[in-house]
Amino acid sequence: MPRVCVWSIRAALAYLIVGFAIGAVMLAGIARAETLYRAHIEFLLMGWTVQLVLGTALWIFPRFRLGSLPHGPLGLAWWSFALLNAGVWIVALGLAPATGRALEAVAVALCLANLWKRVRPGLSQM
């Protein structure tokens, strides 16, 4: 498994734990729900779900050897990982939600661009 996939899946699991912890704090009434709601949703929706999907897709998509690399060059995948996490934190902290969402959209686009070259027709289609 490429290292970027390992980091992505581990980060997704960390977001799951933190998102659930924030939810537990809100349910227990320890903090005002209004202040934590944005981070709770962002960590679970984008941090956990999207990050897990992208990390798994990078790992499981067909592996056509590009040069000496079985998954091809992963530079775009690393940028996708970095931008997605930056976007999650920007939105969760409420710093600049539009900028954070834009970073997340670019991250998804970069991941798809990385996967695009690995999608080829089957032998019966050639």
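The values are calculated or read from the model by the stated rules, or taken from the named source; none is laboratory data. For clarity, every value in this text was computed on a predicted model and none was experimentally measured. Cβ placement follows ideal geometry from the backbone for every residue including glycine, while neighbour counts extend to all protein chains displayed. Ligands, DNA and RNA are excluded from the accessible area calculation, which covers all protein heavy atoms including side chains. Shrake-Rupley method; radii C 1.70, N 1.55, O 1.52, S 1.80 Å.
When trypsin sites (Lys or Arg not before Pro) are flagged only if DSSP places them in a loop and at most 13 other Cβ atoms lie within 10 Å, the longest unflagged stretch of the chain comes out as 66-116. Rounded to 0.05, the FRET efficiency of the Arg38 and Ala96 pair, given R0 = 22 Å and the Cβ-Cβ distance, is 0.95. Fully extending the segment from Leu13 to Ala113 would add 33.6 nm, taking 0.36 nm per residue of separation and subtracting the current Cα-Cα distance.
Rolling a 1.4 Å probe over the protein heavy atoms of the chain, with every protein chain left in place, gives an accessible area that is 73 percent carbon and sulfur.
Show me the helices of the chain, taken as full DSSP H stretches, that run 18 Å or more along their long axis by Cα and average 0.0 or above in Kyte-Doolittle hydropathy.
Details: long enough: 3-28 (37 Å, 1.80); 75-93 (27 Å, 1.59); 97-116 (28 Å, 1.09).
Those that pass (Cα extent of 18 Å or more, hydropathy at least 0.0) are 3-28, 75-93, 97-116.
Rounded to two decimals, the Cα-based Rg/Rh of the chain, with Kirkwood Rh, is 1.09.
Ranking Val50, Val88, Val106 from most to least accessible surface, computed with a 1.4 Å probe over the protein chains only, gives Val106, Val50, Val88.
For the range 1-113, what does the accessible surface come to per residue with a 1.4 Å probe? Please give it in Å². Walk me through the intermediate numbers first.
Working: 6350 Å² over 113 residues.
Computed with neighbouring chains in place, this is 56 Å² per residue.
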